Structure formats: structure tokens, C-alpha cells
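Below is one structure, written out as C-alpha cells; comments come after it.
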């Protein structure tokens, strides 16, 4: 009965979304206030109904209701409760239900919190948001029903993919979807603005918090996925330029560009057409990511489905929304005249350069991701585009971006002088140069990657500190504490990017890797550490068996840690997983992996010493924290200032 309630609630949510798509939009065109206001209760009702549907599916997973096909295919009675719950979205159908629930959540939030929006704009935003929901409700109901029943249910299920039975992957998809789907709000605002034919500072102020929230969630989701790959897959890497990794990274880059571009619209009423285009493309890349994961065209450990027919449906949704909005953009873009002129050397100019670098870097990632597919389709050639291409083609843009960011942060609007901008950054330059010299002195083989990366990261961190100090007017710490939260958020996010630069460059340049066959009781040396394989035993788990190794790590005769890497086998899925043992510290990770037993005796063992690994995720956390702090700034949370400006400029609304 629970499954039927969930299915019925989903169909009702579909019907409400159709109502929300048509009535407010028609009311806005006619100026009928009651019809425009109908969008708000409809958005709340839609979210309530899809929430009920999602709750019903969750109950089916928690109670192991194997009469529901989705539960049978992705769960097992012996599975821990956390993974029964995460099994709800650890598959194609459940993940799409989560997708539309988050979409409805953002629509309900817009209906509840954007009370200062002009009624026409709000009605159109809610209608566009509902139209996206209509398309995906139809996709779920007609091609991906999560509530399909089995006539003769089995006593137990097939279990969840063992790679997904992990805390990192339990929380990674919801955060990623909050980012993916959150960009739909920027898209809805963009299309609503195109319909109205008006983009102004008030519009930019309203769209920024939604974009910032989506970017923040994407940052957390990408970081969780990277962290999971680091400790779960057993190869010791944190990023492999996998197609699905790229699918989440591309909208992150465009969203970052949109955040910076919206600042120019808000402060100077320039770059209006470009900002609208970025809002369309940010959500477009989110839809591209949804297509990549579910079409089966590109294979990945992260893929949810391998069904070309369902992929065609998503491709149709992508073509309709992105193509339709671009057609509308082509008619309306010329009407959005920029009001503020500016010199190339100015904060506006720096933000334009920032946008160019982010957009081109996104294009590079996109080309590298789809090029193997294009080569196979058009030239019948099988190509592999891997990390060497991305590292060489993508990295230069990030280097230039890191150089530019501190300059752009302290430049004045409209016109700047390079000499005057450099003056307050002298100490930041000296600090970055000192760090580069230090890293060069201690580098084995004098790795240029370590020196450049550490220098750029230090430059970003020091530049963020200078930016904060400049905003106080050099008036002291008391003024620093009273700065707007958005200023603090921006500085922390830029510093977080610098921390990530340092982590990535030093880990890549300085890591030590050792792969060998070791026997129980044998000691071997890796870098400055003596590692002993004490013993290996078979240990039963709740729904797996584990090859459980005990390894002792010593340095200069002192015990550093006793570590226990595992290799698990899940009998239901007949699939092994690697559970690396990691001892993390502020400046170094010791990373141990136990492999298979060898025919001649002994065990395959991989050992890594990974300097500054923790800094990668510390930097990501700081970037997300910067977003949270900025969102708590009342100016961005409720757009009070923009609302006042809009009411003065457009009193008829």
C-alpha cells in the first residue's frame, strides 16, 4: 500500500506542476494578480506531494519491501540501515525521484522566501521552474517508475552496488543534486527575465543567492566524491577526469563564472546578456551531466543506468530547455543594453577576464569528455582522453586565474591603475615568493609543479588577507570584525582555492609510491617509514567477508601507527571492494592497501606517502564555508536593497 500511495502522490505532483506551469505564466501575461499568486501555493503543494512520494520509497527500502522491484534490485536485509536509506538514491529511478524532489524544494523555497520579488517576475520564475518539473515527472512516470511491483517477490534482494555502500557515497549524491538542480533557479530567473525583456541590478541581486547556494552544494558534493575516490577505490588518487566527475565539474566552473558576472550586473549594470547566457549554460551543463550519467553513451564507475532509450528522453529535455531558452535569448539579448562603461583595467575588466578563463576551461573539459564519443560516432575511431590531456590543457587557465584573482579583488570599479593596485599587494607577493623559495629548497629534484602550485596558493591566501584589510580602510581590527559577511565569505572562498592549489601541487609532486609482494612478518621501507605486514586474516562482516590486514608503521624505531587495510567481498553482488587504511595528519598521509594473495606466497601491498593530501579537502571545505558565510549576509539572503531599488524603478508592479 505504501508504494501505491507514493506512486499516486507522484502523479498528483505531476498534475500540480502542470497547473503551476500554466496558470501563473498566463496570469503574468494578463496582469491577473490572483492567477499570479496561484503559483505560490502550487509550488508548496508540489513539494509536499513529491516529498510524500520520496518518503514512501524510503519506507519501502528501510522495511525491505521486496515486492517493490527497485528495492529488490538495490537492497538486502543484512545491509546496514544507512545504506538501506542511501539505496533510495543509489540507483537510476530513486535518484531521479530525489532530483525532482530537490527541484520542487527550490521552487517551494522561492515561493516562500522571495516575498520582495515583483509579482510578475515571481510568477514567471515559478512557472519556468514547474515546466522543468513537468518534463522530469513525465520522464519518471513513463520511463522510470520507482514503484513498480513484482508479482512474486523474493525473500531477499540483490543488494546495493558495494562501491556505494560507503558513508562518502551515501551523502555525495544529495549534495551534488542540490547543486545540479539548484542551478535550475538561476535558469528560471534568466528565462523569466528574457520573457519580461528586463535585466537590472535588482534581478542580479535576486539571482546571486540561488546561484551561490547551488555552487556551494556542488563544491561539497564534488569534494565528497573526490574524498570517496581517494580512500575507497584503492588507487590513491583524488581525481581521474572521469566523464561523470567532469559532468559535475563543468557546471561548477560555469556557476563560478555566473557568480562573478552577476556582481558586475548588480554593481555596474553591465554584462547583462552574458550573465543571462551563463545562467542558461550553467543549468544546461547540469542537464548534460544528467544525460551522461544515464544514457550509457559514456561508461563510468559512477553511472546509474545504461539505457539509450531513457537517454534519448533526457536528450530531448536538454534540447527543449536549452535550445528553447537560447532561441528566446537570441530575440531578447539585444534589448538588454549595458549602462555602465568601464576601462579594460578595472574591477569589471578583471571579472570579465575571470569569466573568460572559467568559460574556456569549462569548454576544454567538455571537449575532452565528449571527444571520444564524437570520434567513434563520426570517424569510427576509439580514442581515450585521459589525465595527461586535461592536466596540460586545463591547468594553464587555472594558473592565470590564480594570478588574476587577488588583483581583481582590490581593483576599483570603472577605472584602475596597475601601479596603485600593486602597491597594497607587495607584501602578498613577497610572501608568495618566500614560499616558492622554501619549496624549491626542500624539493627533491626541484619539481616546478610544487614550486608554482605552492606559490600560487600562497598568493591567493595572502591576496585574500590583503583584500579584507583594504576593505577596513586600514583602520584596524575593530573595523575588520564589522565587515559585511559577504566580504568575509569571498575572502575565505578565495583562500580555500589557494589551499587546494597547495594540496594538489605538493601531493602530485612529492608523493612516494611503493608496490610489492610482502609476506606476513616482513618489514620493508617506504620513504622514511618502516612498514611491517604483521598478519592477514579473514573476518566476517554484516553482508560481506573481509581480508583484514594488520600493518605496523614505524619511523626511527618509534611506532607511528598500527593500520588495518581491508579487501572486502560482497557475495550477493559477487563484487570486491578495497578499503584503504589511511593515517592522516596536517602535512602527510600514510596510505596502505592490501591486495590479493599471490601464488608464490605473500600478499600484494601498495603503500603511498602523500604530502598535504588533507589540504585538498580542507580547501574545498573553506570554499563551501565561504559560500555559507556569504549566504548569511542579509543583503543577499533577502535582497532587501534590490527590492527597494526595483520598487522605485517599477512602481506599477
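The values are calculated or read from the model by the stated rules, or taken from the named source; none is laboratory data. This structure is a prediction, so every number in the text was calculated from the model and none was measured. Glycine gets a Cβ as well: all are built from the backbone with ideal geometry, and neighbour counts include every protein chain shown.
Scanning region 295-313 for residues that are assigned to a helix (DSSP H, G or I) and at pLDDT below 75, which turns out surrounded by the fewest Cβ atoms within 10 Å (Cβ to Cβ)?
309
Can you tell which of 575, 563 is surrounded by fewer than 18 Cβ atoms within 10 Å (Cβ to Cβ) and within 32 Å of the chain's Cα centre (by Cα)?
Among 575, 563, only 575 is surrounded by fewer than 18 Cβ atoms within 10 Å (Cβ to Cβ) and within 32 Å of the chain's Cα centre (by Cα).
Residues of region 1-28 being surrounded by fewer than 16 Cβ atoms within 10 Å (Cβ to Cβ) and within 18 Å of residue 144 (Cα to Cα), which ones?
Correct list: 4, 5, 8, 11, 15.
Any residue that is surrounded by 20 or more Cβ atoms within 10 Å (Cβ to Cβ), within 30 Å of residue 74 (Cβ to Cβ) and out of contact with any strand residue (DSSP E or B) (no Cβ under 8 Å at 6 or more places or on another chain) - is there at least one of those in region 598-621?
Within region 598-621 (the criterion being surrounded by 20 or more Cβ atoms within 10 Å (Cβ to Cβ), within 30 Å of residue 74 (Cβ to Cβ) and out of contact with any strand residue (DSSP E or B) (no Cβ under 8 Å at 6 or more places or on another chain)), the answer is yes, since at least one residue qualifies.
Need at least 3 residues that are free of Cβ contacts under 8 Å to residues at least 60 places away in the same chain per element, so show me which helices (runs of 4 or more DSSP H) inside region 65-137 make the cut, counting only ones lying wholly within it.
92-113
Find the residue count for region 416-471, including only residues that are closer than 23 Å to residue 352 by Cβ and in contact with a helix residue (DSSP H, G or I) (Cβ under 9 Å, 6 or more places away or on another chain).
16
Condition test on residue 478, is it at pLDDT below 90 and either crowded, with 16+ Cβ neighbours inside 10 Å or under 26 Å from the mean Cα position of the chain (by Cα) (or both)?
For residue 478, the condition - at pLDDT below 90 and either crowded, with 16+ Cβ neighbours inside 10 Å or under 26 Å from the mean Cα position of the chain (by Cα) (or both) - is not met.
Among the candidates 439, 400, which residue alone is buried (at least 20 other Cβ atoms within 10 Å of the Cβ) and at pLDDT 90 or above?
The match here is 439.
Just one of (1) modelled with pLDDT under 85; (2) surrounded by fewer than 14 Cβ atoms within 10 Å (Cβ to Cβ); (3) part of a helix (DSSP H, G or I) trips up residue 333, so point out which.
Among (1) modelled with pLDDT under 85; (2) surrounded by fewer than 14 Cβ atoms within 10 Å (Cβ to Cβ); (3) part of a helix (DSSP H, G or I), residue 333 violates only (2).
Out of 486, 509, report the one residue that is over 28 Å from residue 589 (Cβ atoms) and touching a residue at least 60 places away in the same chain (Cβ under 8 Å). Even if it seems obvious, please write down each step before you answer.
On the way: 509 fails: over 28 Å from residue 589 (Cβ atoms).
Exactly one of 486, 509 is over 28 Å from residue 589 (Cβ atoms) and touching a residue at least 60 places away in the same chain (Cβ under 8 Å), namely 486.
What number of residues within region 331-362 satisfy the criterion of being out of contact with any helix residue (DSSP H, G or I) (no Cβ under 7 Å at 6 or more places or on another chain) and under 23 Å from residue 250 (Cβ atoms)?
Restricting attention to region 331-362, the residues satisfying the condition of being out of contact with any helix residue (DSSP H, G or I) (no Cβ under 7 Å at 6 or more places or on another chain) are 331, 334-335, 337, 339, 341, 344, 346, 349, 352, 356.
Still in the list and also under 23 Å from residue 250 (Cβ atoms): 352, 356.
Result for region 331-362: 2.
If I filter region 149-175 down to residues being at negative phi and either in contact with a strand residue (DSSP E or B) (Cβ under 7 Å, 6 or more places away or on another chain) or without any contact (Cβ under 8 Å) to a residue 12 or more places away in the chain (or both), which single residue comes out as surrounded by the most Cβ atoms within 10 Å (Cβ to Cβ)? Steps first, answer last, please.
Residues of region 149-175 at negative phi: 149-158, 160-175.
Checking the rest, the ones that are also either in contact with a strand residue (DSSP E or B) (Cβ under 7 Å, 6 or more places away or on another chain) or without any contact (Cβ under 8 Å) to a residue 12 or more places away in the chain (or both) come to 149, 151-152, 162-163.
Details: 149: 13, 151: 5, 152: 5, 162: 20, 163: 18.
The qualifying residue surrounded by the most Cβ atoms within 10 Å (Cβ to Cβ) is 162.
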